[in-house]
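Let me begin by presenting the structure, written as structure tokens, before commenting on it.
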Amino acid sequence: MKLRRFTTLIILSIMVVSVSALAQRGEVEVMINADQGKHQISKHIYGHFAEHLGRCIYGGFYVGEDNTEIPNIDGVRKDVIDALRELKIPNLRWPGGCFADTYHWQDGIGPKSERPTLVNTWWGGVTEDNSFGTHDFLNMCEQLGAEPYLAANIGSGTVRELSDWVQYVNHDGQSPMANLRVQNGRDEAWKVKYWGVGNETWGCGGNMTVEYYANLYKQYATFMSDWGNTRGIYRIAAGATNDDYHWTEVMMRDVPHSLLEGVGLHYYSVLEWTDKGPAVGFSDEQYFTTMKRALRMEELVTRHSTVMDKYDPEKKIGLIVDEWGGWYNVEEGTNPGFLYQQNTMRDAMIAGVTLNIFNNHAERVKMANLAQTINVLQAVILTDENKMILTPTYHVMKMYNVHQDATLLPIMFDNVDYVHGDEKLPALSVSASRSEDGKIHISMVNIDLEKSQTIKLNIRGMDLKDITGSILSSGSVQDHNTFDNPDRVAPKEFKDFKMSKGIITVEIPPYSVIVLNSK
Ligand code: AHR
């Protein structure tokens, strides 16, 4: 027994010594235990968010049934449906955001010509005609093959309004709400599992203290299901912003766990709220700070998880990062309330490192939603009338979708520094998984603006032979796709790696993302 422990110690020390010796030579050895792993990377980590904000819904997803210029299915753009199906989006959060706590779902059902208008107070003060409502959204999710995640209004709604919404979309038998649904053209219930109980209730959702919200949450959550939650609803509490660990603590402590399936967390990579900097044409300094902000997700997820562990050591309750992404100043000449921004290789870096963080915390992070899908913040799609382009963020999410529902593999490596002035950040980010068919997937990001890195992937416990790869890389970190040049940034096949004695050597260029997959 003692001898075995001694031998293990020797092996570990040799590994550590050799790992740091490699680091000094500018090489990083990443140990990947391909035959191990306990936790599944929930596909829902790759979720998206669509708010009634700017041109996300109207003009982005929905152009109206009568539109003859832009091909659509029941008013939803066909090009968008195809692109999102291709992306394998697992879920879509709707209708907000801040908008959710102003939204009364009953105004968005029934004949479109009879629906009342509404003023979108949070986002540009524009008047909406309510033509995109519950049926439109849930039918669209069916088209997309994505699970809907409905964010309910508790800021200006009522308990009855929410319990009626649940009944309207989920009840199969006879009931006033189910009958109304049938009358409005939908026989079969949609069976929506994911429900948010308010949004940012510390701010636009009602400016509440967490102690007050915990009580309110209990009241709303109680009437969404029954004693044993036999409806199988997954209730997500509005979570903390950034490092408000007290918020998570109170929710975990004061809400009975029979009423709580997930706790939210919102975090944006923003330079300063007073001046968020440009989306394109940013300085190296601003790039570095954005990376610092993005990498902070590691600390936030770790520390919110630690608080949750205290009350839920079995990790039954999910940490749901239902808003994340980069946030910059809006593009010149666009409505400041519409949050329209371009998307460059910097955003590809945010996406790559953040998704690796979520993968590596798969034990607790059960869902995440990038803000937002189309034309808003770190979008995966931009539209201009009948044109549509895919952003660098889209490409990263597509390259990474191989991790969906795969088993997270334990990895170990000594990182190298990305140095900027007197400051430094870890240059590399890596995660690895094994999908059900036994294939191995490794996603790597190098955020350094100047240095490429040599990564030696030491795959243990499996003999990998056929490897394919893709890379997202570009001549400048400012590079982005435009309606005139839609494929400037696009993934390419990556063959530039060597395999020898179970070690795959990869040269990863500055600000690029590589995903390798075994066949
Ligand atoms: O995503 C934009 C806004 O950011 C959301 O409406 C809100 O929840 C957050 O503050």
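The values are calculated or read from the model by the stated rules, or taken from the named source; none is laboratory data. Fair warning: this is a prediction, and the values are worked out from it, not measured in the lab. Using ideal geometry, Cβ is built from the backbone for each residue, glycine included, and neighbour counts are taken over all protein chains shown. Surface areas here come from the heavy atoms of the whole protein model, side chains and all, with no ligands, DNA or RNA. Shrake-Rupley method; radii C 1.70, N 1.55, O 1.52, S 1.80 Å.
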From the set of residues in the range 206-217 that are surrounded by 18 or more Cβ atoms within 10 Å (Cβ to Cβ) and in a helix (DSSP H, G or I), which is farthest from the chain's Cα centre (by Cα)? LEU216
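Could we say that ALA348 is surrounded by fewer than 24 Cβ atoms within 10 Å (Cβ to Cβ) and of a type in the set (Gly, Ala, Ser) here? Can you show your working first?
On the way: surrounded by fewer than 24 Cβ atoms within 10 Å (Cβ to Cβ): no; of a type in the set (Gly, Ala, Ser): yes.
Against the criterion (surrounded by fewer than 24 Cβ atoms within 10 Å (Cβ to Cβ) and of a type in the set (Gly, Ala, Ser)), ALA348 does not qualify.
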Does TRP94 fit the bill of being within 16 Å of the ligand (Cβ to nearest atom) and under 30 Å from ASP405 (Cα atoms)? yes
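Table: residues versus (1) closer than 24 Å to ILE320 by Cα; (2) away from the ligand (no atom under 16 Å from the Cβ); (3) hydroxyl-bearing (Ser, Thr, Tyr); (4) in contact with a Gly (Cβ under 8 Å, 6 or more places away or on another chain).
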site: THR121; (1), (2), (3), (4): no, no, yes, no
site: SER131; (1), (2), (3), (4): no, yes, yes, yes
site: ASP136; (1), (2), (3), (4): no, yes, no, yes
site: GLU147; (1), (2), (3), (4): yes, yes, no, no
site: TRP165; (1), (2), (3), (4): yes, yes, no, no
site: ASN170; (1), (2), (3), (4): yes, yes, no, no
site: GLN174; (1), (2), (3), (4): no, yes, no, no
site: GLN183; (1), (2), (3), (4): no, yes, no, no
Of all residues in the range 139-149 being out of contact with any Lys or Arg (no Cβ under 8 Å at 6 or more places or on another chain) and under 17 Å from ILE233 (Cα atoms), which is surrounded by the fewest Cβ atoms within 10 Å (Cβ to Cβ)? ALA146
For the range 275-294, does any single residue satisfy the condition of being crowded, with 21+ Cβ neighbours inside 10 Å and closer than 23 Å to ASP101 by Cβ? no
Within the range 417-448, can you find the residues that are assigned to a loop (DSSP other than H, G, I, E, B) and within 18 Å of THR354 (Cα to Cα)? ALA427, ILE447, ASP448
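What residue, among those in the range 256-295 that are of a type in the set (Ser, Thr, Tyr) and away from the ligand (no atom under 15 Å from the Cβ), is farthest from LYS316 (Cα to Cα)?
Taking the range 256-295 and keeping what is of a type in the set (Ser, Thr, Tyr), we get 258, 267-269, 274, 283, 287, 289-290.
Now drop any that are not away from the ligand (no atom under 15 Å from the Cβ), which leaves 258, 274, 283, 287, 289-290.
On the way: SER258: 10, THR274: 38, SER283: 43, TYR287: 37, THR289: 35, THR290: 33 Å.
This residue is SER283.
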Which ones in the range 354-377 are within 13 Å of the ligand (Cβ to nearest atom), in a loop (DSSP other than H, G, I, E, B) and either in contact with a His (Cβ under 7 Å, 6 or more places away or on another chain) or over 14 Å from TRP324 (Cα atoms) (or both)? THR373, ASN375
Taking the range 33-49 and keeping residues open to solvent by less than 50 Å² (accessible area, probe 1.4 Å) and either among the polar types (S, T, N, Q) or within 16 Å of the ligand (Cβ to nearest atom) (or both) leaves ASN33, SER42, GLY47, HIS48, PHE49
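Restricting attention to the range 97-119, and to residues there that are in contact (Cβ under 8 Å) with a residue 40 or more places away in the chain and more than 12 Å from the ligand (Cβ to nearest atom), which single residue is farthest from the chain's Cα centre (by Cα)?
The first filter runs over the range 97-119 and keeps only residues in contact (Cβ under 8 Å) with a residue 40 or more places away in the chain, leaving 97-106, 109-110.
Those left that are additionally more than 12 Å from the ligand (Cβ to nearest atom): 104-106, 109-110.
Working: HIS104: 26, TRP105: 25, GLN106: 28, ILE109: 29, GLY110: 32 Å.
Selected residue: GLY110.
So, SER452, is that one within 23 Å of the chain's Cα centre (by Cα) and in contact (Cβ under 8 Å) with a residue 24 or more places away in the chain or not? Reasoning before the result, please.
Working: within 23 Å of the chain's Cα centre (by Cα): no; in contact (Cβ under 8 Å) with a residue 24 or more places away in the chain: yes.
So SER452 fails the test.
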Total residues in the range 232-257, condition over 21 Å from TYR149 (Cβ atoms) and open to solvent by 10 Å² or more (accessible area, probe 1.4 Å): 9
Among all residue pairs at least 6 apart or on different chains, which show Cβ distances below 6 Å where the first residue, located in the range 245-262, is farther than 19 Å from GLY196 by Cβ and modelled with pLDDT of 95 or more and the second is assigned to a helix (DSSP H, G or I) and open to solvent by less than 30 Å² (accessible area, probe 1.4 Å)? TYR245/VAL307; GLU249/VAL307
Among the residues listed as VAL321, VAL402, the single one being β-branched (Val, Ile, Thr) and away from the ligand (no atom under 16 Å from the Cβ): VAL402
